[in-house]
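The numbers here are math on the coordinates, done by the rules we state, and not lab data. Small disclaimer: the values here were computed from a predicted structure and weren't measured. With ideal geometry, Cβ positions are generated from the backbone for all residues, glycine too; neighbour counts draw on all protein chains shown.
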Amino acid sequence: MEAMSKDFFEGKAEEYDREAARKRNVSNIARLMRAEAEYKKNMNIMDFGSGTGLLLSDIAPYVNKITAVDISKSMNEVLESKRENIACELEIVENDLTKEDLDGQFDAVISSMTVHHVKDVSQLFEKFYKLLPVNGTIAIADLDTEDGSFHKENTGVFHFGFDRDDILEIAKNTGFRNLKVQSASIIDKPYGKYPVFLLTGCK
Ligand SMILES: C[S@@+](CC[C@H](N)C(=O)[O-])C[C@H]1O[C@@H](n2cnc3c(N)ncnc32)[C@H](O)[C@@H]1O
């Protein structure tokens with residue numbers, strides 16, 4: 001597994017939303033996130049690894065503002081082109097959260113299909129923790145442990161999914177409480193089925 005280059009998604013951004021299975025997966029995740037965490041119209045939340053905004057588009061009607069954080073210029077450009085259709089205030093921040101800091105505090109952190117691109121998950125969860133007030137929530141969706149076949153090539157992939165107990169333990173050790181991991185979706189690819197979990201909890 002190689003290190004993530006500055007814009008690993010450069011060649012993928014334009015076509016990213018064309019994959020029906022990808023869109024279905026993120027819709028399933030967003031539906032479950034909304035059922036688990038009570039997003040409210042006065043909330044400001046952060047989407048880590050927001051990509052083209054598939055997840056945040058579904059959450060936007062229920063919150064005040066979303067700060068979309070993504071390292072990829074090309075993914076951010078696609079998201080920018082959708083701004084008019086996003087149903088809340090939107091701030092796009094081009095930032096590698098593993099290396100840079102982010103100003104402000106958020107009522108909630110959401111993320112889908114991104115944490116497997118981050119080497120040090122404990123360090124990332126500590127960043128999330130610092131960005132939240134007491135009772136602020138996390139909702140993190142990602143692949144269950146897979147055999148390495150999910151991505152066509154694994155540049156920028158640091159984890160072949162996660163064991164649910166392991167990621168729960170990392171969140172617990174960070175200080176998060178009321179933790180729960182549950183099935184959110186199954187991504188159906190021509191060469192296999194890939195289950196996806198949702199981890200929720202609060203500070
Ligand atoms: C597989 S995409 C998921 C996009 C979106 N969340 C979704 O579910 O459609 C992963 C995204 O995470 C971003 N990413 C990976 N590592 C990152 C980091 N350290 N900081 C910020 N964004 C990162 C990538 O640029 C990419 O846009």
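One table, with the values for the structure above:
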quantity	calculated
Neighbour-limited loop hits for GluC sites (Glu not before Pro), segment 1-73 (at most 10 other Cβ within 10 Å; DSSP other than H, G, I, E, B)	GLU15, GLU38
Residue-count net charge about LYS40 - beta-carbon cut-off 15 Å; Lys, Arg +1, Asp, Glu -1	-1
Förster radius 30 Å - calculated FRET efficiency between GLU14 and ASN85, Cβ distance, rounded to 0.05	0.95
Restricting segment 32-100 to trypsin sites (Lys or Arg not before Pro) in coil, as DSSP defines it, with at most 16 other Cβ within 10 Å	LYS40, LYS41, LYS82, LYS99
Stretch gain in nm, segment ASP96-ASP163, where the contour uses 0.36 nm per residue and the Cα spacing is subtracted	21.7 nm
Distance between segment 144-169 and segment 1-74 - C-alpha centres, whole angstrom	18 Å
Rounded to 5, percent antiparallel among DSSP beta bridges of segment 16-202	45 percent
DSSP loop chymotrypsin sites (Phe, Trp or Tyr not before Pro) with at most 16 other Cβ within 10 Å: longest gap in the chain	1-157
222 nm mean residue ellipticity, helices alone, for the chain (DSSP H n ≥ 4; -39,500 (n - 2.57); rounded to 500)	-8000 deg cm²/dmol
10 °C / 1.306 mPa s Stokes-Einstein diffusion coefficient of segment 20-116, Kirkwood radius on C-alpha pairs, µm²/s	119 µm²/s
Relative contact order computed over the chain (Cα-Cα under 8 Å; 6+ residues apart), in percent	23 percent
Trypsin sites (Lys or Arg not before Pro) within segment 127-185: DSSP coil, no more than 16 neighbouring Cβ in 10 Å	LYS152
Sites ALA21 and LYS152, calculated FRET efficiency, Cβ-Cβ separation with R0 22 Å, nearest 0.05	0.95
Sites VAL134 and ASN64, calculated FRET efficiency, Cβ-Cβ separation with R0 22 Å, nearest 0.05	0.70
Note, ³J(HN,Hα) from phi for segment 118-127, Karplus 6.51, -1.76, 1.60, rounded to Hz, x at Gly and Pro	10, 5, 9, 6, 4, 5, 5, 5, 5, 4
Local electrostatic count at GLU100 - Lys and Arg +1, Asp and Glu -1, tallied over other residues with Cβ under 11 Å	-2
Three semi-axes of the equivalent ellipsoid, the chain, Cα gyration tensor, whole Å, largest first	22, 20, 17
Subset of LYS12/LYS41; LYS73/LYS180; LYS99/LYS203; LYS82/LYS130; LYS127/LYS180; LYS40/LYS180 violating a 28 Å alpha-carbon distance limit	LYS12/LYS41; LYS73/LYS180; LYS82/LYS130
